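Participant: One structure follows; several queries about it will come next.
None of the figures in this text is laboratory data; all of them are computed from the coordinates on show. Predicted, not measured: the structure shown is a model, and the values here were computed from it. As a convention, Cβ positions derive from the backbone with ideal geometry for all residues, glycine included, and neighbour counts pool all protein chains shown.
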Amino acid sequence: MKPEFLIVGGGIGGLAAALACSRAGVQVRLLERSAQLAEVGAGIQMGPNVMRRLYRWGLQDALTQVVAMPERLQARSAVSGKTLAELSLGEHALQRYGAPYATVHRADLQQLLLAAVQQQTDTRLTLNACVSSFTQSAGAVNLSTAQGLSLRADALIGADGLWSRVRQCLLGEQAPRVTGHVAYRAMVHQSALPEHLRSQLVTAWLGSRLHVVQYPVRRGEWLNVVAVVQGHLGGPENQTWDHQATASHLRAALSKAGAHASLQDLVAAIDEWRMWALCDRPPMRGAFEQAQGRVALLGDAAHPMRPYLAQGAGMAIEDADELARLLADGPTDIPDLLQRYAQTRWQRNARVQARSIRNGEIYHAQGLLRWGRDRALSLLGPRIMDMPWLYKY
Ligand SMILES: Cc1cc2nc3c(=O)[nH]c(=O)nc-3n(C[C@H](O)[C@H](O)[C@H](O)COP(=O)(O)OP(=O)(O)OC[C@H]3O[C@@H](n4cnc5c(N)ncnc54)[C@H](O)[C@@H]3O)c2cc1C
């Protein structure tokens with residue numbers, strides 16, 4: 001008998017878990033509260049640690065159709081415009097880590113994961129299924145949705161994101177914390193930009209109390225831009241907070257920070273921005289936060305993080321891969337399997353969460369610290385930017 005898993009949430013984490021677990025021989029029922037699967041119009045960076053896993057799942061051809069593979073990652077001063085440091089990606093990443101560094105439109109990644117999930121015979125997707133509660137006993141998990149569906153299975157995987165209901169039921173915790181950082185996101189066709197603003201590189205513009213990251217997606221045809229500015233918006237910074245932003249807020253912040261003309265030109269050349277109040281949780285404190293009994297958390301439900309290491313979705317994919325690796329070992333006791341999953345994953349996730357917070361402090365450094373940051377990057381460049389502990393994993 002194949003074990004039956006309920007996976008809650010059809011984001012990148014839930015889809016990755018559904019694919020990896022069904023490939024490992026589990027019957028999967030994926031429950032998503034929305035009427036259709038839709039990702040926000042934004043990009044995602046995927047390091048070699050992530051691409052290696054996606055390739056192993058048979059997604060190499062599908063990925064090649066949609067990703068961009070930037071040649072370099074560069075750090076530039078948001079004030080002087082000077083290139084502080086560069087790290088070779090492209091062939092270098094492939095040689096060093098056995099997989100490329102890629103950038104992708106979130107909707108493209110979601111679609112290709114969905115297509116792969118739909119090819120798995122033992123996997124069923126149910127939309128309009130908002131999970132409201134669950135109970136677990138020695139032999140099973142029983143789950144209910146707001147729509148009146150009741151389901152029973154061997155295990156429940158909560159991949160329901162930052163505001164996870166599964167986490168709330170499992171750990172009885174408070175809401176995520178508001179970081180006071182606001183992300184402005186935009187996507188523009190490169191042909192709509194003046195020649196000098198088009199780019200095929202990953203560029204991080206580092207300022208004081210703000211930074212901007214740009215990179216190509218959709219085979220390089222589009223440019224994704226994310227600007228993060230410190231400061232509360234004075235609104236309801238909760239899960240519904242995805243407002244259409246006027247570029248004027250962002251322009252004012254850049255001009256106040258004395259941003260370089262090329263950066264100001266880039267932002268001025270884009271009309272449509274979305275605003276996103278960033279929330280997170282402190283780094284995980286133990287395996288109990290990732291699994292208890294027959295219930296496990298995965299992705300943002302377990303370890304929501306600041307996006308300054310570009311690894312939130314990456315850690316969700318690593319979680320899914322680890323779960324599948326343990327399942328592939330053969331028939332086992334489910335609580336024991338989930339406990340081993342939690343033991344293997346929580347410290348890695350906590351480390352990435354902590355490093356993401358630290359990176360944010362460095363990206364937004366002021367005064368002497370900012371001077372030290374720029375100097376260290378100029379002197380040590382690739383030695384600081386390359387992260388074997390992260391990409392080799
Ligand atoms: C500005 C920004 C930039 C980022 N850049 C990167 C990057 O470059 N690289 C990277 O790896 N990560 C990045 N991230 C992080 C990444 O976006 C997230 O870590 C990732 O999307 C989390 O995926 P998830 O599936 O865990 O959660 P989500 O994407 O939040 O998916 C959760 C799903 O669960 C569903 N759901 C919620 N509640 C219920 C319920 N009760 N019942 C049923 N379904 C439910 C939701 O509708 C949703 O579909 C970035 C994040 C931000 C904010």
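Participant: For the stretch 262-393, report the translational diffusion coefficient in µm²/s to the nearest whole number, using Stokes-Einstein at 25 °C, 0.890 mPa s, and a Kirkwood Rh over Cα pairs.
Facilitator: Details: Rh = 17.2 Å.
The estimated diffusion coefficient comes to 143 µm²/s.
Participant: Shape of the stretch 70-115 from its Cα gyration tensor (a ≥ b ≥ c, root eigenvalues): rounded if a/c is under 1.5, otherwise prolate when a/b > b/c, or oblate?
Facilitator: oblate
Participant: Quote the Stokes-Einstein diffusion coefficient, in whole µm² s⁻¹, for the stretch 2-160, based on the Kirkwood radius over alpha carbon pairs, a temperature of 20 °C and a viscosity of 1.002 mPa s. Working shown, then result.
Facilitator: Values: Rh = 17.5 Å.
Rounded to a whole number, D works out at 122 µm²/s.
Participant: Okay, moving on. What is the fewest-to-most order of Ile317, Ile12, Ile357 by other Cβ atoms lying within 10 Å of their Cβ?
Facilitator: Ordered by Cβ neighbours within 10 Å, fewest first: Ile357, Ile12, Ile317.
Participant: Students often forget the sequence filter, so: which aspartates and glutamates lie under 13 Å Cα-Cα from Lys392 once same-chain residues fewer than 8 apart are removed?
Facilitator: Cα-Cα hits under 13 Å: Glu318.
Participant: Please give the contour-minus-distance gain from Ala146 to Ala192: 0.36 nm per residue of separation, less the Cα-Cα distance, rounded to one decimal in nm.
Facilitator: Full extension from Ala146 to Ala192 adds 12.1 nm.
Participant: Please give the length that would be gained between Ser132 and Phe288 if that part of the chain were fully extended, namely 0.36 nm times their separation in residues minus their C-alpha to C-alpha distance (nm, one decimal).
Facilitator: 54.0 nm
Participant: Specify the longest stretch of the chain that does not include any exposed loop site, a site being one of the GluC sites (Glu not before Pro) with a non-H, G, I, E, B DSSP assignment and at most 14 other Cβ atoms within 10 Å.
Facilitator: The reported range is 1-172.
Participant: Starting from the Cα of Arg72, step 7 Å along the direction of its Cβ; do the same at Gln343; then give the gap between the two resulting points in nm.
Facilitator: 4.6 nm
Participant: Separate question: If the convex hull of the alpha-carbon atoms of the chain is projected onto planes in all directions, what is the mean projected area in square nanometres? It would help to have the intermediate numbers written out before the result.
Facilitator: Numbers: hull surface 73.8 nm².
Quarter of the Cα hull surface area: 18.5 nm².
Participant: Also, I was wondering about something else. By counting other Cβ atoms within 10 Å of each Cβ, how are Arg96, Arg177, Arg340 ranked from fewest to most?
Facilitator: With the sparsest Cβ surroundings first, the list reads Arg177, Arg96, Arg340.
Participant: Within the stretch 57-80, whose backbone N sits under 13 Å from a point 7 Å along Cα→Cβ of Ala115?
Facilitator: 59-67
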